[in-house]
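Q: Pasting in a structure now, in structure tokens, and then I'll have a few things to ask.
The values are calculated or read from the model by the stated rules, or taken from the named source; none is laboratory data. Keep in mind that what you see is a predicted model, and the values were worked out from it rather than measured. So basically every Cβ, Gly included, is an ideal-geometry build from the backbone, and we count neighbours across all protein chains shown.
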2 protein chains.
Amino acid sequence: MVRIAVDAMGGDLGPGVVAHGSLRALSQLDDETRILLVGNETHLRAALGGRSVAGVEIVHAPEVIGMHEAPATAVRRKPGSSIAVAMQLLEDGRADALLSPGNTGAVVAAALFGPGRIHGVHRPAIATLFPTEERDCVMLDVGANADCKPVHMLQFAAMGAVFARLRLGCERPRVGLLNIGEEDSKGNELAVAAHALLRQSGLHFVGNVEGRDLLAGRADVVVCDGFVGNVVLKFAESMLGFTGGLLKSQIHSSPRLMLGGLLMRPAFAHLKKRLDYQEFGGAPLLGVNGVVCIAHGRSSVRAIESAVLGCHALVRDQLIVRIGDELREIGGDLLENNEQRTDHGNG
Amino acid sequence: MVRIAVDAMGGDLGPGVVAHGSLRALSQLDDETRILLVGNETHLRAALGGRSVAGVEIVHAPEVIGMHEAPATAVRRKPGSSIAVAMQLLEDGRADALLSPGNTGAVVAAALFGPGRIHGVHRPAIATLFPTEERDCVMLDVGANADCKPVHMLQFAAMGAVFARLRLGCERPRVGLLNIGEEDSKGNELAVAAHALLRQSGLHFVGNVEGRDLLAGRADVVVCDGFVGNVVLKFAESMLGFTGGLLKSQIHSSPRLMLGGLLMRPAFAHLKKRLDYQEFGGAPLLGVNGVVCIAHGRSSVRAIESAVLGCHALVRDQLIVRIGDELREIGGDLLENNEQRTDHGNG
């Protein structure tokens, strides 16, 4: 049985959208799947239309953590929040996975307080799929760690490789380091040191990947610190709307363009689908001791649906066990020696 | 008289394109403007069709610095390179501005060895125009400094504000800090410390700007370290080609879409023009003691033309004097105290 706890209160569009998306996913999964909708019971009963649904259980959580609350404080002060209650289900073994479209920092904090890290992991990282010319790639960290050390980047690479293997089906994922030049010696201090570690790691490291290479699909896993990753991800998400807006304003300026726009509609829809984060199935927080996925705050029904399906697949594919295996394979020596070194060098 | 030294050997498309673009700019400028084309005399004479052109002088430089040469070493070892010779013209006062589409690192290194920094500037930064929904904004640093300290970011802000005033015509430019959250306390150590400095600076600081806000035009000047800035800039430059490629492959899949694409052509052209870095007039290296502009390695005739025009305007508008004034206005105290503090805190 796979039980997925869904934080139904976190999304910007309300619990109805989250409930609806979860049900849509459930209908595609086997009878052994359970959805635990966590949140205000009254709201959730209403969202389900007052009826009970096979495979769905409501778990009451009286509090909500807002998008702008300070994460660690909010998690400590609100043990009754939907994020904290859902995380408790995961920690207690009453759920196998957790999905939240809520405050990302609060999800990370609750995961660290609760289930904690997989043995050997220093810092969990948020991974996301990113579209490229060929197929999607995995990018991480996209926001859990604003400041990183080289050894963290090495671990991100290993965890990202596991996720790429499971999610993209590449047996030997090509790992690239997001950097500002092709040569090994390029970049900031962090990138130069991380580059050296990745070279020794036994991972299939293909070197530096520049901003312009991201979409070209030169790597299956792109490693970066959570500051750069978050800036790039949010920028990329905004780019589609921006170009779409510019085109739309043009289209309305002449009948010729209006007709052209009408005819082009299927192509625009295809482009949107290709680039839309809603299709990407949630971003796993890799390195915590349980399957934890973060969905976009503005997640639609479709986005929640695909994120629930993503959670289910990661449980089925034993993400946690595989991350542990991968880290053991890289070897404690490389990780621990470099933890020492970097603690002094970059602390 | 305004004399612009143009490194004609640096561009990927060869000296002919650089020469042609320079002539096109010259034809739009007054009779008092001179172009000094720096590079291999034989190639340049050939590029000019063997004739002498009024207002254009060829300055022979026997060597070239390649795109992948280590900047500082190359500049030292090749005093006869087009970049070094052009920089010498600037340093000696025989040119008022320098434009190079060559190795960016080499231009920065040559500028530091030669004309050096404006009094009070710790680190020069490369500024670029970036399209937004409203009008363009200035983003810096986009690649001169991979590792920055908070005080550098403060100076970038001041220099960027001067450039925005001259180039975008905003009297009191809104300065934003590229960051990963809206709240003051968000970000990595560098961003948090830079935020605090910017708050005290007397600049019109509007707070943090997230990746998703860049294109929304929430600031006229966006400050970031050269690593993040370079990644975002190169990513943005690649995005247009990527979406264009996806659309094109769609268009060829059906007659309906082909017709739509044909009708939409003017709208696509408008979009391309709006987002194309070729229109942006070169990226000034702010903080060095002379007008130095860097053009894209793949600069077309049009890109060189607009970059030469950009150089001319910055000389006319007394960029160097104005940066000095702006830094004095922010005050030595804030800058120097924080230089001390950050030297210990982030070294």
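Q: Starting from residues that are modelled with pLDDT of 95 or more and of a type outside the set (A, V, I, L, M, F, W, C), keep the ones in segment A:156-171 and report whichever is farthest from A:Arg212 (Cα to Cα).
A: A:Arg165
Q: In segment B:251-270, is there at least one residue being within 21 Å of A:His270 (Cβ to Cβ), under 29 Å from the mean Cα position of the chain (by Cα) and more than 7 Å from chain A (Cβ to nearest Cβ)?
A: Yes: segment B:251-270 contains one or more residues that are within 21 Å of A:His270 (Cβ to Cβ), under 29 Å from the mean Cα position of the chain (by Cα) and more than 7 Å from chain A (Cβ to nearest Cβ).
Q: Considering only residues of segment B:63-77 that are exposed (fewer than 15 other Cβ atoms within 10 Å of the Cβ) and farther than 15 Å from B:Pro101 by Cα, which is farthest from the chain's Cα centre (by Cα)?
A: Checking each candidate, the answer is B:Arg77.
Q: To continue, here is another question. Could we say that B:Gly114 is at positive phi, away from chain A (no Cβ under 13 Å) and at pLDDT below 95 here?
A: Taking the combined requirement at face value, the residue does not satisfy it.
Q: Okay, next question. B:Ala219 - would you say it is away from chain A (no Cβ under 13 Å), buried (at least 20 other Cβ atoms within 10 Å of the Cβ), under 19 Å from A:Ala236 (Cα atoms) and not basic (Lys, Arg)?
A: yes
Q: Out of all the residues in segment B:252-288, which are surrounded by fewer than 20 Cβ atoms within 10 Å (Cβ to Cβ), in a loop (DSSP other than H, G, I, E, B) and in contact (Cβ under 8 Å) with a residue 24 or more places away in the chain?
A: Once the filter is applied, which keeps residues that are surrounded by fewer than 20 Cβ atoms within 10 Å (Cβ to Cβ), in a loop (DSSP other than H, G, I, E, B) and in contact (Cβ under 8 Å) with a residue 24 or more places away in the chain, segment B:252-288 yields only B:Asp276.
Q: Right, something else. Return only the number of the condition from (1) within 14 Å of another protein chain (Cβ to nearest Cβ); (2) modelled with pLDDT of 95 or more that B:Ile320 does not satisfy.
A: The number of the failed condition is (1).
Q: Just the residues that are closer than 19 Å to A:Ala157 by Cα, touching a Lys or Arg at 6+ places or on another chain (Cβ under 9 Å) and surrounded by 24 or more Cβ atoms within 10 Å (Cβ to Cβ), please, taken from segment A:289-325.
A: A:Leu314
Q: Is it true that B:Gly241 is small (Gly, Ala, Ser) and crowded, with 21+ Cβ neighbours inside 10 Å?
A: no
Q: Output the residue which, of all residues in segment A:92-107 that are over 20 Å from A:Glu57 (Cβ atoms) and in contact with a helix residue (DSSP H, G or I) (Cβ under 7 Å, 6 or more places away or on another chain), is surrounded by the most Cβ atoms within 10 Å (Cβ to Cβ).
A: A:Val107
Q: Please go through (1) crowded, with 21+ Cβ neighbours inside 10 Å; (2) more than 8 Å from every other protein chain (Cβ to nearest Cβ); (3) over 16 Å from A:Ala236 (Cβ atoms) for B:Ala191 and return the number of the only condition it doesn't satisfy.
A: For B:Ala191, the exception is condition (2).
Q: Mind listing whichever residues of segment B:55-77 are farther than 28 Å from B:Leu23 by Cβ and among the small types (Gly, Ala, Ser)?
A: Once the filter is applied, which keeps residues that are farther than 28 Å from B:Leu23 by Cβ and among the small types (Gly, Ala, Ser), segment B:55-77 yields B:Ala70, B:Ala72, B:Ala74.
Q: Further question: Being away from chain A (no Cβ under 12 Å) and either without any contact (Cβ under 8 Å) to a residue 60 or more places away in the chain or closer than 18 Å to B:Phe235 by Cβ (or both) narrows it down to one residue among B:Leu178, B:Leu154, B:Leu203, B:Leu140; which is it?
A: When all the criteria are applied, what remains is B:Leu140.
Q: Right, something else. Restricting the search to segment A:229-239, which residues are of a type in the set (Val, Ile, Thr) and more than 23 Å from A:Cys170 (Cβ to Cβ)?
A: The one that is of a type in the set (Val, Ile, Thr) and more than 23 Å from A:Cys170 (Cβ to Cβ): A:Val231.
Q: I'd like to check which strands (runs of 3 or more DSSP E) are fully inside segment A:1-103 and have at least 3 residues that are aromatic (Phe, Trp, Tyr).
A: Counting at least 3 such residues, we get no strands (runs of 3 or more DSSP E) at all.
Conditions (1) in contact (Cβ under 8 Å) with a residue 24 or more places away in the chain; (2) basic (Lys, Arg); (3) away from every other protein chain (no Cβ under 13 Å), marked per residue:
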residue: B:Glu69; (1), (2), (3): yes, no, no
residue: B:Leu99; (1), (2), (3): yes, no, yes
residue: B:His122; (1), (2), (3): yes, no, yes
residue: B:Ala125; (1), (2), (3): yes, no, yes
residue: B:Gly160; (1), (2), (3): yes, no, yes
residue: B:Gly169; (1), (2), (3): no, no, yes
